[in-house]
Amino acid sequence: MVLEKLGSSLRNAVSKIMGKSVIDEAAVNEFVREVQRSLIEADVDVKLVLEISRRIKERALKESPPPGFSRRDLAVKILYEELTNLLGRKPAEIPMESKKTNVIMMVGIEGSGKTTTVAKLAFWLSKRFGKVGIISADVMRPASKLQIEQLVGPDIPVFSKESKDPVEIMREGIEFFKRERYNFVIIDTAGRHKDESSLMSELDAYREIGPDLVILTIDGTIGQAAYAQARAFAEKVPVGGVIVTKLDGAAKGGGALSAVAASGAPILFIGTGERVDDLERFDPERFVSRLLGGGDIIELAMRIEEAFKESRLMERMSKGKFDLEDFREYIQQLGKAGPMEKLLEMVPGIGGRVQLDVNSGEMDRWIAIINSMTPEERRDPSLIRGSRIERIARGSGVTAKEVRKLLKSYHQAKKLIESMSSESKARRLFRRMGI
Ligand code: GDP
């Protein structure tokens with residue numbers, strides 16, 4: 001597994017805190033210390049480590065777990081979230097247009113794994129998005145064409161020609177693949193030597209060719225130095241994404257990944273071996289959950305998040321508060337929970353008495369309708385009249401009739417919730433008075 005050592009020491013910290021019966025300040029401190037040690041051993045920058053430990057500690061002690069969960073669960077969820085943030089959150093998109101030949105230019109320092117990664121990426125894209133061609137424009141190392149051909153096999157063509165001018169090779173290659181209606185072209189450029197400022201200026205080639213995306217390959221074994229390297233390239237060309245290579249067995253991989261994320265460049269893929277299929281899409285959430293021991297962690301984090309939302313919603317509803325933002329939350333919860341009445345059944349005194357006449361296709365449309373409203377309208381639905389209804393309908397691609405139907409259902413639900421909450425308030429009052 002990638003970053004095996006970091007994973008096993010983090011899992012160790014998690015299982016220790018999971019085994020504790022009381023989660024007090026001392027237990028949180030111990031947990032945070034172990035996380036700190038694991039990250040520093042994986043070469044994550046000390047400043048980042050201190051920042052993340054401060055946040056975990058503060059949140060684990062201050063936030064309260066939602067009903068049904070322990071402070072232990074919450075601490076693990078917080079670790080998961082903070083590590084995910086450290087690695088850059090959502091997976092970055094690969095920009096592509098279906099009606100044209102998308103041009104990707106690969107840049108990187110010599111030896112970073114650039115040529116191998118060109119082959120890997122071509123292989124990956126060709127399995128998913130149609131025809132992919134490669135242009136080998138590394139004039140300093142003509143043998144790289146053969147290296148790519150050996151990796152990708154006969155199905156992916158590699159264009160090159162005898163020339164000392166890389167831009168000429170790139171231009172002709174792009175023309176060729178455009179004529180043949182390829183979906184993607186990946187250009188292998190000459191790698192910059194560590195000690196020279198440039199062999200071929202990346203900026204020159206970028207300006208001449210105007211690729212749709214520039215991808216930088218960074219050697220994952222260099223650890224924190226990845227930060228400076230990512231910045232240095234980004235100063236020359238607009239780097240749209242990074243592929244961190246050689247993460248198989250790289251003890252400093254945690255440092256490289258967090259350093260690239262800190263530089264602001266999104267990590268698109270990671271290289272996990274020398275073979276053509278050793279390339280993995282990088283998704284921080286999935287990556288962290290695997291480090292921490294698998295799908296259970298994502299599952300736990302999601303369940304806690306849902307429970308948080310549910311308890312906030314229930315608290316508001318039991319006070320008789322219910323605006324269109326709550327209604328949207330309510331519909332979303334229903335979509336997950338299944339039966340319509342499920343959530344309301346959980347609110348004492350309301351159980352099963354609010355029936356919504358809505359099916360699952362309609363649910364998505366209702367959410368779209370509510371999303372088309374302004375925050376003021378959602379908080380104060382009485383504003384929604386006349387031309388506002390028309391505007392919301394246009395914005396969400398439905399008819400005004402449908403908007404009115406949603407509002408009617410909302411008002412019915414709100415009325416019930418208000419009456420229920422005052423009913424239960426009255427009941428409580430009667431009980432206190434001994435009636
Ligand atoms: P370039 O000079 O940047 O084009 O680098 P190459 O693509 O020639 O790669 C340099 C060396 O790194 C080669 O021996 C590759 O097999 C190796 N390499 C590239 N990517 C990976 C990877 O993800 N894992 C491992 N273990 N080796 C890799």
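The values are calculated or read from the model by the stated rules, or taken from the named source; none is laboratory data. No experiment lies behind these values; they were computed from the predicted model shown. Here the Cβ is made from the backbone with ideal geometry for all residues, glycine too, and neighbour counts use every protein chain on show.
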Report task. Go through 110, 97 for me and flag whichever is surrounded by fewer than 20 Cβ atoms within 10 Å (Cβ to Cβ), in contact with a His (Cβ under 6 Å, 6 or more places away or on another chain) and not assigned by TED's automatic domain parsing to the domain that holds residue 29. Result -> 110
Requested in this report: Just need a number here: residues in segment 372-393 that are surrounded by 11 or more Cβ atoms within 10 Å (Cβ to Cβ), without any contact (Cβ under 8 Å) to a residue 40 or more places away in the chain and either among the acidic types (Asp, Glu) or part of a helix (DSSP H, G or I) (or both).
Outcome: 7
Query raised in the report: So which residues in segment 57-73 are under 24 Å from the mean Cα position of the chain (by Cα) and either buried (at least 21 other Cβ atoms within 10 Å of the Cβ) or on the phi > 0 side of the Ramachandran plot (or both), if there are any at all?
Result: 60
Query - In segment 75-123, the residues that are under 24 Å from residue 224 (Cα atoms), among the basic types (Lys, Arg) and more than 16 Å from the ligand (Cβ to nearest atom) - result: 89, 90
Report summary line: Filtering segment 117-129 for residues that are surrounded by fewer than 24 Cβ atoms within 10 Å (Cβ to Cβ) and touching a Lys or Arg at 6+ places or on another chain (Cβ under 9 Å) leaves a count of 1
Report task. Starting from segment 51-66, take each residue that is touching a residue at least 40 places away in the same chain (Cβ under 8 Å) and list its partners that are of a type in the set (Gly, Ala, Ser) and part of a helix (DSSP H, G or I), counting only C-beta distances under 7 angstrom and pairs at least six apart or across chains. Result -> 66/307; 66/311
Query raised in the report: Restricting the search to segment 124-149, which residues are outside any loop (DSSP other than H, G, I, E, B), of a type outside the set (Gly, Ala, Ser) and either touching a His at 6+ places or on another chain (Cβ under 9 Å) or within 11 Å of the ligand (Cβ to nearest atom) (or both)?
Result: 147, 148
**Report entry** Sole residue being closer than 18 Å to residue 114 by Cα, in a helix (DSSP H, G or I) and in contact with a Gly (Cβ under 9 Å, 6 or more places away or on another chain), chosen from 217, 221
**Finding:** 221
Query - residue 93 closer than 25 Å to residue 270 by Cα, in contact with an Asp or Glu (Cβ under 9 Å, 6 or more places away or on another chain) and not in a helix (DSSP H, G or I) - result: no
Query raised in the report: Is it the case that segment 270-278 has a residue that's at negative phi and assigned to a helix (DSSP H, G or I)?
Result: no
Report summary line: Of the residues in segment 240-269, those that are crowded, with 22+ Cβ neighbours inside 10 Å and assigned to a loop (DSSP other than H, G, I, E, B) come to 246, 247, 250, 252, 265
Report summary line: Selection over segment 157-182 where residues are within 16 Å of the ligand (Cβ to nearest atom), within 20 Å of residue 277 (Cβ to Cβ) and part of a loop (DSSP other than H, G, I, E, B) yields a count of 0
